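> Here's a structure for you.
The values are calculated or read from the model by the stated rules, or taken from the named source; none is laboratory data. Only a predicted model underlies this, so the values are computations on that prediction, with no experimental measurement involved. Here the Cβ positions follow ideal geometry from the backbone for every residue, glycine too, while neighbour counts run over all protein chains shown.
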Amino acid sequence: MGWYRAASGIVKHSIRRNLHRGGSLCYATRNIVLSSTSRNFQTTVFKSKAQTAPAPRPVSLSSLTDNFLDGTSSVYLEELQRAWEADPNSVDESWDNFFRKFVGQASTSPGISGQTIQESMPLLLLVRVYQVNGHMKAKLDPLGLEERKTPNELDLALYGFTEADLDREFFLGVWNMSGFLSENRPVQTLREKIETPAVIQFSRERREVIFDRLAWSTLFENFLAPNGLQHRGLGLKGGETLIPGMKEMFDRASDIGVENIVMGMAHRGRLNVLGNVVRKPLRQIFCEFSGGGLPVDEAGLYTGTGDVKYHLGTSYDRPTRGGRRLHLALVANPSHLEAVNPLVIGKIRAKQYYSNDAERMKNMGVLIHGDGSFVGQGVELYTSCSTIKLAFTTDSKSGRSSQYSTDVAKALNAPIFHVNADDVEAVIHACELAAEWRQTFHSEVVVDLVCYRRFGHNEIDEPSFTQPKMYKVIRNHPSALEIYQKKLLELADLTKEDIDKIHKKVTSILNDEFLASKDYVPERRDWLSAYWSGFKSPEQLSRIRNTGVKPEILKHVGKAITALPENFTPHKAVKRIYEQRAQMLETGEDIDRGFAEALAFATLIVEGNHVRLSGQDVERGTFSHRHAVVHDQATWEKYCPLDHVIMNQNEEMFTVSNSSLSDDFANGAQVIFDNFLSCGESKWLRQAGLVVLLPNGYDGQGPEHSSAGLERFLQMADDHPYIIPEMDPTLRKQIQECNWQIVNVTTPANFFHILRRQIHREFRKPLIVLSPKNLLRSKTLNIRRLILCSGKVYYELDDQRIKVDAKDDAICRVEQLCPFPCDLVQRELKRYPMLDAEVVWCQEEPMNMGGYTYVLPRLITSMKSLGRGGYNDIKYVGRAPSAATATGFLKVHYKEQAELVEKALQSEPINFPY
């Protein structure tokens, strides 16, 4: 419960009732209660709507040395008071404030005449120590196995108090101390939600609803196993109070302005959340577990691969207790447990943008974590303004070094409400409080449900192998439902007949739904909804749209994005780049890749599209080619030209924000590519239009500078290597049916159009763009056809061709690798019939990397369909197989590069693939 009452300058300690007995709800946060290892603290006051006090800030205890907080002895206090009475300037300012407030107010406050100044300082220190370590007295472990040693500093006698003092009222006054108690303001009413030791009270009707919700949660879990539906379902037993907690949280959130909630969670308890919170039809859940529920298209054919049942998501418009409707969505997730969390944040941010929710009050994210996965990174500008995080934790300390797994949230100044998950009313109180905190302060908030897993990791596990003591206790431990119904019977809020009636109702509905699942015929799957309306699924073919832009529009937006404000002092090199771009715009010549990208973004913004860009150093461009954000060298102010493309432009139409360097490498994000981008549409029937820009090149800078891993993306492509796809020139059928696109464009013009193409069609596909570093400023626009290659090696081949006067050779750049452009390759093969025996694939990467293994079978298929040669007629030029992506020795790089371009233009047979 709470630790002290702070209202109207009166503190009434109720330690006997709340802490000495041990409460089940523990407010343990950087803001309210700290671990004893922390040196900083911050006391946050809940603000009423009319209050406009400044935000609190952390204050180091060490910075308060030899002042107000350090006096503990009565002798010291008496001497200090006498010195102050003689000369107020002789004491520290904080002591001066203390004596002025105390002497001026204590004498007029009723009922506290017995209090002395000598009692006041120990009292304040006692309050402070309970803020820091009071959580050590809370009963958080539902199994009672946790051995907690009460810190000595919580002993009343240490501060000169006895049991007789526990019910006295003490005057605290209104302090002017920065960082302590009131933060220069009177304590407000809402603060009592945190530190007033009031008993949680619910009406009989409310408790019946809570019991009903807990019964649904518990009986659903009980129903799965005997009906063969668990299937390693990673159930919620031991944490069943999550369900009523979430429902009450959502009801409260709806009451205070939330209209839409997007959730992300891993496996544990997911089926229960799907069925009881997001209201996925129970018969559909049961049908899916029995092998039914397969998605089919209009022709009755199966669509997609499907996924494990507890990976699936759904959405629902849920009626709330207050008579409103709240849209809930649970995002589909893969087995990589917490990988879904950044997607939830991104989805909420998009919903906030498209619903004009500038205050971030209507759309909220909720993330449900396991205690082993509570960690997070993020991009500053892309915050969805606070998520509520629900964490399942146990008493295991083997996976962490801190007291609680949620302690990492202290770094965010996020409140963490620890609660014993066996106490459903405490869980509900914490969940409602979290919703109120989020809506009041617009900040992250954590609810830590301290629970247990009744069956270990999953239902076929044998946890007593490794935790015999714990599971001996669990076998005899009552469920949260049993604990609560016993409490309600003792309070006479429900009768035995009431309880039996609820049990019977829930069990009956579960049985009915299970029977109905046997005849359940799933409706055609909903591919796209809400803001996706108007987009097409693969079975609804989309026509090609023009991605060109009229010259007058290009000039209009070009002027906007090359102009800097008057009196703005950019770096001289940046100023020169902007002047060069203005010249490119005027002449229409020598447009480089950086300017082509800016023009693509600007034209999309003019057309009403929202563009977000993030990554390491994306504001200036990792290789100083973008300069989307310009810095004033005199005032340090920032200016983003793309924020000023149109009149009265919404500041969020274009957002660009640097992310952590650790987010920048594709091989560190492989779990996202593997589980969401490459297969999300196939598994979950969900489209994505993300564009991934991967700087990559072979420049002799070592393996890490050539680590985009083109071959990894190509290996996950699903276009068939031995079938020529239908190539209707008016349709997007090939791209629409593939899982994603992979391009290695070498011209600014192609880059401009491929970015615009991503938006100008009626479907979405992820786009992987390789960006060779030394082409970022390339202005070459005239394309000549030559040996089959992809990327910047074209220019080196072209230079070598001129050098050796190889007029009989032809070079063809394959700018889009996936889906493979069979029709365009065939067109080039027809143009050069004399090359029947000399088709070459040239790449910079080692043979086991790059595009070779992907291109080879598709190129063979394209040739055979024309009656041309086969496997042995396609020659490979490139580096030999290698474990590392590239050499770090510049001389070796130059030697390898020179050899491969020379070999590509030789007339003799070269490097057969076998």
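> Give the residue, chosen from LYS555, LYS575, LYS550, that is touching a residue at least 12 places away in the same chain (Cβ under 8 Å) and surrounded by fewer than 18 Cβ atoms within 10 Å (Cβ to Cβ). First the steps, then the outcome.
Details: LYS575 fails: touching a residue at least 12 places away in the same chain (Cβ under 8 Å); LYS550 fails: touching a residue at least 12 places away in the same chain (Cβ under 8 Å).
Step by step, each of LYS555, LYS575, LYS550 is checked, and only LYS555 is touching a residue at least 12 places away in the same chain (Cβ under 8 Å) and surrounded by fewer than 18 Cβ atoms within 10 Å (Cβ to Cβ).
> Take GLN403 and decide whether it is at pLDDT below 85, surrounded by fewer than 24 Cβ atoms within 10 Å (Cβ to Cβ) and polar (S, T, N, Q).
For GLN403, the condition - at pLDDT below 85, surrounded by fewer than 24 Cβ atoms within 10 Å (Cβ to Cβ) and polar (S, T, N, Q) - is met.
> Here's another thing I want to ask about it. Mind listing whichever residues of the range 464-490 are exposed (fewer than 11 other Cβ atoms within 10 Å of the Cβ) and more than 21 Å from LYS237 (Cα to Cα)?
GLU490
A quick yes/no check of all residues on (1) acidic (Asp, Glu); (2) farther than 30 Å from LYS362 by Cβ; (3) in a helix (DSSP H, G or I); (4) in contact with a Pro (Cβ under 6 Å, 6 or more places away or on another chain):
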site	(1), (2), (3), (4)
GLU432	yes, no, yes, no
ALA435	no, no, yes, no
THR440	no, no, yes, no
VAL447	no, no, no, no
PHE455	no, yes, no, no
SER464	no, yes, yes, no
MET470	no, yes, yes, no
LEU481	no, yes, yes, no
ILE499	no, yes, yes, no
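> Just to be sure, is SER386 at pLDDT below 75 and at positive phi? Please lay out each step first, then the result.
Values: at pLDDT below 75: yes; at positive phi: yes.
Against the criterion (at pLDDT below 75 and at positive phi), SER386 qualifies.
> Taking the residues in the range 897-912 that are surrounded by 12 or more Cβ atoms within 10 Å (Cβ to Cβ) and outside any helix (DSSP H, G or I) as candidates, determine which candidate is modelled with the highest pLDDT.
Applying the filter and picking the extreme gives LEU905.
> A further question on this structure: Would it be correct to say that GLY689 is surrounded by fewer than 18 Cβ atoms within 10 Å (Cβ to Cβ) and among the small types (Gly, Ala, Ser)?
Judged against the criteria, GLY689 is a match.
> Tell me which residues, restricted to the range 267-281, are surrounded by 21 or more Cβ atoms within 10 Å (Cβ to Cβ) and of a type outside the set (Val, Ile, Thr).
If the condition is that a residue be surrounded by 21 or more Cβ atoms within 10 Å (Cβ to Cβ) and of a type outside the set (Val, Ile, Thr), then ARG268, GLY269, ARG270, LEU271, ASN272, LEU274, GLY275, ASN276 are the ones that fit.
> Further, regarding this structure: Quick one: in the range 699-718, of everything that is among the acidic types (Asp, Glu) and closer than 25 Å to LYS792 by Cα, which residue is modelled with the highest pLDDT?
Among those that are among the acidic types (Asp, Glu) and closer than 25 Å to LYS792 by Cα, it is GLU711.
> Moving on. Looking at (1) at pLDDT below 90; (2) not in a loop (DSSP other than H, G, I, E, B), which is the only condition LEU515 fails?
So the condition that LEU515 fails would be (1).
> Can you spot a residue in the range 325-347 that is in contact with a Ser or Thr (Cβ under 9 Å, 6 or more places away or on another chain) and surrounded by fewer than 16 Cβ atoms within 10 Å (Cβ to Cβ)?
If we filter the range 325-347 for residues that are in contact with a Ser or Thr (Cβ under 9 Å, 6 or more places away or on another chain), which is where we start, we get 325-330, 332, 337-338, 341, 344-347.
After this cut, where a residue has to be surrounded by fewer than 16 Cβ atoms within 10 Å (Cβ to Cβ) as well, the list is 325.
Checked the range 325-347: at least one residue is in contact with a Ser or Thr (Cβ under 9 Å, 6 or more places away or on another chain) and surrounded by fewer than 16 Cβ atoms within 10 Å (Cβ to Cβ).
> Among the residues of the range 236-261, what is the count of those that are under 23 Å from the mean Cα position of the chain (by Cα) and in a helix (DSSP H, G or I)?
Residues that pass the stated criteria total 9.
> Does LEU367 satisfy the criteria of being modelled with pLDDT of 90 or more and more than 24 Å from LEU343 (Cβ to Cβ)?
On the way: modelled with pLDDT of 90 or more: yes; more than 24 Å from LEU343 (Cβ to Cβ): no.
Considered against the rule, which asks whether it is modelled with pLDDT of 90 or more and more than 24 Å from LEU343 (Cβ to Cβ), LEU367 comes out as no.
> Testing LEU242 on (1) at pLDDT 90 or above; (2) surrounded by fewer than 24 Cβ atoms within 10 Å (Cβ to Cβ), one condition comes back false. Which one is that?
Exception for LEU242: condition (2).
> Restrict the check to the range 317-330 and report whether at least one residue is under 30 Å from VAL656 (Cβ atoms), modelled with pLDDT of 65 or more and under 18 Å from the mean Cα position of the chain (by Cα).
Yes, the range 317-330 contains a residue that is under 30 Å from VAL656 (Cβ atoms), modelled with pLDDT of 65 or more and under 18 Å from the mean Cα position of the chain (by Cα).
> Mind telling me which of the residues ASN648, ASN696 ends up being of a type in the set (S, T, N, Q), under 23 Å from ILE754 (Cβ atoms) and not assigned by TED's automatic domain parsing to the domain that holds ALA332?
Only one candidate qualifies: ASN696.
> Could you grab me the full set of residues in the range 633-669 that are of a type in the set (A, V, I, L, M) and surrounded by 14 or more Cβ atoms within 10 Å (Cβ to Cβ)?
Result: LEU642, VAL645, ILE646, MET653, VAL656, ALA666, ALA669.
> Would you say ALA628 is in a helix (DSSP H, G or I) and under 25 Å from LYS575 (Cβ atoms)?
So ALA628 does not fit the description; no.
> Is the range 190-200 home to any residue that is among the small types (Gly, Ala, Ser), closer than 30 Å to ALA492 by Cβ and modelled with pLDDT under 70?
Among the residues of the range 190-200, at least one is among the small types (Gly, Ala, Ser), closer than 30 Å to ALA492 by Cβ and modelled with pLDDT under 70, which makes the answer yes.
> Please state which one of GLY304, GLY264, GLY293 is crowded, with 24+ Cβ neighbours inside 10 Å and either modelled with pLDDT under 70 or under 23 Å from the mean Cα position of the chain (by Cα) (or both). Step through it out loud before you land on a result.
Working: GLY304 fails: crowded, with 24+ Cβ neighbours inside 10 Å; GLY293 fails: crowded, with 24+ Cβ neighbours inside 10 Å.
Among GLY304, GLY264, GLY293, only GLY264 is crowded, with 24+ Cβ neighbours inside 10 Å and either modelled with pLDDT under 70 or under 23 Å from the mean Cα position of the chain (by Cα) (or both).
> Pairs under 9 Å by beta carbon, first residue closer than 14 Å to ILE285 by Cα in the range 497-522, partner among the acidic types (Asp, Glu), six or more apart or different chains?
SER517/GLU288; PRO522/GLU288
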